[in-house]
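The values are calculated or read from the model by the stated rules, or taken from the named source; none is laboratory data. Note that the structure is a prediction, hence the values are computed from the model and not measured. Using ideal geometry, Cβ is built from the backbone for each residue, glycine included, and neighbour counts are taken over all protein chains shown. Each accessible area value is taken on the protein alone, full model and side chains, heavy atoms only, with ligands, DNA and RNA left out. Shrake-Rupley method; radii C 1.70, N 1.55, O 1.52, S 1.80 Å.
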Amino acid sequence: QVPLVESGGGLVQFGGSLRLSCAGSGSIFRSYVMGWYRQAPGKQRELVARHTRGGDTNYVDSVKGRFTISRDNTKNTLYLQMNSLKPEDTAVYFCNTYPAGALSWGQGTQVTVSS
């Protein structure tokens, strides 16, 4: 099973923006609901946003109005646009199916927001 590959993380200041990408194989994006997850130090991994095959999106309350999830099935890529970043958004971000675990986890991409 080909692992997912996340990219786009980095160090940004409070209020900044980042766009994360998640690359996978073709069958993944056409077959599954996909989600972005994050894991902060000492905390459990949590779902941040999910995107259905039909285009519906859902977000955890803490990121509503700031993050936007999207997918491009032609490019086999899932995106997460993150605006107005806060220090509490600092975490390693992963993508996977929703519910999680149908695919191998990638290494994630680190997002660090300085205050």
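Listed values, structure above:
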{"read-out": "Residues of the stretch 74-92 that turn out to be open to solvent by 20 Å² or more (accessible area, probe 1.4 Å), out of contact with any Lys or Arg (no Cβ under 6 Å at 6 or more places or on another chain) and in a loop (DSSP other than H, G, I, E, B), as a count", "value": "5"}
{"read-out": "Residue count, the stretch 87-112 (criterion: β-branched (Val, Ile, Thr), over 18 Å from residue 63 (Cα atoms) and modelled with pLDDT of 95 or more)", "value": "0"}
{"read-out": "Residue pairs meeting the criteria (Cβ under 6 Å; at least 6 apart or on separate chains; first surrounded by 15 or more Cβ atoms within 10 Å (Cβ to Cβ), in the stretch 46-72; second among the polar types (S, T, N, Q))", "value": "50/58; 51/57; 66/83; 66/84; 68/81; 69/57"}
{"read-out": "Top-ranked residue of the stretch 22-32 - restricted to ones that are open to solvent by 30 Å² or more (accessible area, probe 1.4 Å) and either in contact (Cβ under 8 Å) with a residue 60 or more places away in the chain or in a strand (DSSP E or B) (or both), ranked as farthest from residue 76 (Cα to Cα)", "value": "32"}
{"read-out": "Filter result (assigned to a strand (DSSP E or B), within 17 Å of residue 108 (Cα to Cα) and not β-branched (Val, Ile, Thr)) within the stretch 38-61", "value": "38, 39, 46, 47, 49, 50"}
{"read-out": "Residue list for the stretch 11-21, restricted to those being hydroxyl-bearing (Ser, Thr, Tyr) and in a strand (DSSP E or B)", "value": "21"}
{"read-out": "Residue check for residue 35: in contact (Cβ under 8 Å) with a residue 12 or more places away in the chain and either surrounded by 13 or more Cβ atoms within 10 Å (Cβ to Cβ) or assigned to a loop (DSSP other than H, G, I, E, B) (or both)", "value": "yes"}
{"read-out": "Top-ranked residue of the stretch 93-113 - restricted to ones that are in a loop (DSSP other than H, G, I, E, B) and hydroxyl-bearing (Ser, Thr, Tyr), ranked as nearest to residue 35 (Cα to Cα)", "value": "98"}
